[in-house]
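A single structure is presented below for examination.
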Amino acid sequence: MKALAVLAPYALPVLLLAALLPPRADAQLLATESLDAIVAVVDEDVILRSELDRDVNAVMAQFAQAGGQVPPRDVVERQLLERMIDFRVQLARAQGTGIRVTDSEIEQSMRRIAQQNGITLDQMAMALARDGIGVQEFRRNLRDQMTVERLRSRFVQQRVNVTETEIDNLIASGRLSGDEVRLSHILIAVPDAATSEQIADAERRAREVVTEIREGLDFATAAIRHSRGPQALEGGDLGWRRLDEVPAAFADLLGQLRVGEVSAPVRGPGGFHIVKLTDRREGGPMMVREFRALHLMIAPTELISPEQARARIDDIRRRIEAGEDFGDLARQFSADLGSKNQGGDLGWFEQYAYGTVVGNELGLLADGELSRPFQTEQGAWHLLKRIGTRDADRSAERLRQQAEETIRNRKAEEEYAAFVRQIRGEAYIENRLAGESADASG
């Protein structure tokens, strides 16, 4: 059930099971959970000790199973509680701005998750039950996760813009080489509107962490203990990224680091950053597999019933197999106005350029082979004839697209992190585990 883990609302590692989806706590639960301690208050919401313990136990079990060094339980508690608070703050903002997820959307997501795991909905319900999770509880957490994702998507759409000049400048910089690096990261956080004393204290702590690492402390252990970055519990691992995708806060460090080296602390968004260059690999040309195919579509209309559309596509396929020309029949019958006048010729395109169903059918064919009649989600019936395959170097065409995606992703990552810090600063937060509290004024 690995795919279920991606729903964990605190961005926990993919290997964690669906049991990491904690039940939401709110004021209504207090009547039935009167003996359950509250470890944090987030505006009108609360986080219960049972929720935190559930996540901590699962994370500790994962560390033990992986055979690595198991971090102290209080460190894991602190990291997870901070994630939970961040998530509740985002959820409250999303709900307050009118973001809603419908029941039908939940149903579609449930079906998609089951399909990704290769099981039915009933089998998924049984698997959840084995992990001690009810279907309604899973649906609530799925709804919350989708709600927060929509908040992020709306934020990116409204506030993250990429100009043509920015794209031109990035291309001209020569940094879109395709080379990739694997980085690990530690963030020593600095509060928004921090005093000079707070900044100096964070810098001192960051330098102490670097000293500990250079004296032999494992970087991943240091990240788990000290980092406030979103990947702290993953040992700070950011995974493989193209050079142009590296956050701007420490992109310039890479030219100074060799594989295995750790940087000095660098001031950037959110605090002081410590970076380890874990590995590096060279990229190659942007080669893509392209197909050329003929296409014919029969769509139900007011004059053609679904049954008649299916009968017509079957008849056309029989005529093609009997020797009639695909192109002539496409010009005569096809409802695909884009390719009809070209005899159904779609030209060269990547496998899934026309959607998953068409791409999957295309992949089943050999060059020169005619497909079976197949239906897409819109109800139309289709025939394909694959007439060619090639590997094409699309470096030039992809360069601009890559530049735009790189700039947009970098802006989204940095600006959304700042947005979360902002709305967290505006919320009332009482972290009873740490004995801290803050309201919108402070």
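Bear in mind these aren't lab numbers, they're just calculated from the coordinates by the rules spelled out. Keep in mind that this is a model prediction, so the values were computed, not measured. Ideal geometry is used to build each Cβ from the backbone, glycine not excepted, and the neighbour counts take in all protein chains shown.
Could you pull out which residues in the range 331-346 have an amide N less than 16 Å from a spot 7 Å beyond the Cα of Arg292, following the Cα-Cβ vector?
342-346
Could you pull out every residue, at least 5 positions away or on a different chain, whose amide H is within less than 5 Å of the one on Phe374? Hs are placed 1.01 Å off N in the peptide plane, and Pro or chain starts have none.
His382
Could you pull out the longest piece of the chain with no exposed loop trypsin sites (Lys or Arg not before Pro) in it, calling a site exposed if DSSP puts it outside H, G, I, E, B and it has at most 11 other Cβ atoms within 10 Å?
The reported range is 259-442.
Looking only at Met124, Met297, Met287, which one moves most when the chain is put into a Gaussian network model with springs between Cα atoms under 10 Å?
Greatest mean-square fluctuation among the candidates belongs to Met297.
A follow-up question, please. How high is the FRET efficiency between Ile171 and Ile423 when r is their beta carbon distance and R₀ equals 35 Å, given to the nearest 0.05?
According to the calculation, E is roughly 0.50.
For Gly260, what charge total do you get from the other residues with a beta carbon under 9 Å from its beta carbon, if Lys and Arg give +1 and Asp and Glu give -1?
Value of the local net charge: 0.
Then there is this: Scan around Ala293 for amide H atoms under 5 Å from its own, H built in the peptide plane at 1.01 Å from N, and keep only partners 5 or more places away or cross-chain.
Leu346, Gly347, Ile387
Give me the distance in nm between label points sitting 7 Å out from Cα along the Cα-to-Cβ direction at Arg204 and Asp315, one decimal.
Computed distance between label sites Arg204 and Asp315 equals 8.7 nm.
Grab the Cα-Cα distance for Asn57 and Thr301, subtract it from 0.36 nm times how many residues apart they are, and report the gain in nm with one decimal. Don't skip to the end; give the middle numbers.
Details: separation 244, 0.36 × 244 = 87.84 nm, distance 5.72 nm.
Extending this stretch completely gives an extra 82.1 nm.
Pulled fully out, how much extra length does the chain show between Asp279 and Ala193, if you take 0.36 nm times their separation in residues and subtract their Cα-Cα distance? Could the numbers behind the result be given before it?
Numbers: separation 86, 0.36 × 86 = 30.96 nm, distance 3.55 nm.
Extra length from Asp279 to Ala193 when fully extended: 27.4 nm.
Please list, by residue number, every one of the GluC sites (Glu not before Pro) in the range 327-416 that is coil in DSSP and has at most 14 other beta-carbon atoms within 10 Å.
Within the range 327-416, the qualifying GluC sites (Glu not before Pro) (loop, at most 14 other Cβ atoms within 10 Å) are Glu369, Glu377.
Using a Gaussian network model on the chain with a 10 Å cutoff between Cα atoms, which of Ile199, Ile99, Ile313 fluctuates the most?
Ile313
Along the charge dipole of the range 81-235, which of Ser153, Gly96, Gln231 sits closest to the positive end, that is, farthest toward it, with unit charges on the beta carbon of Lys, Arg, Asp and Glu (+1, +1, -1, -1)?
Gly96
What does the helix-only formula give at 222 nm for the chain: each DSSP H stretch with n ≥ 4 adding -39500 (n - 2.57), the total divided by the residues, and the result rounded to the nearest 500 deg cm²/dmol?
Helix-only estimate at 222 nm: -14500 deg cm²/dmol.
Work out, step by step, the length gained on full extension between Arg228 and Asn161: first 0.36 nm times the residue separation, then minus their alpha carbon distance; give nm to one decimal.
21.4 nm is the gain from fully extending Arg228 to Asn161.
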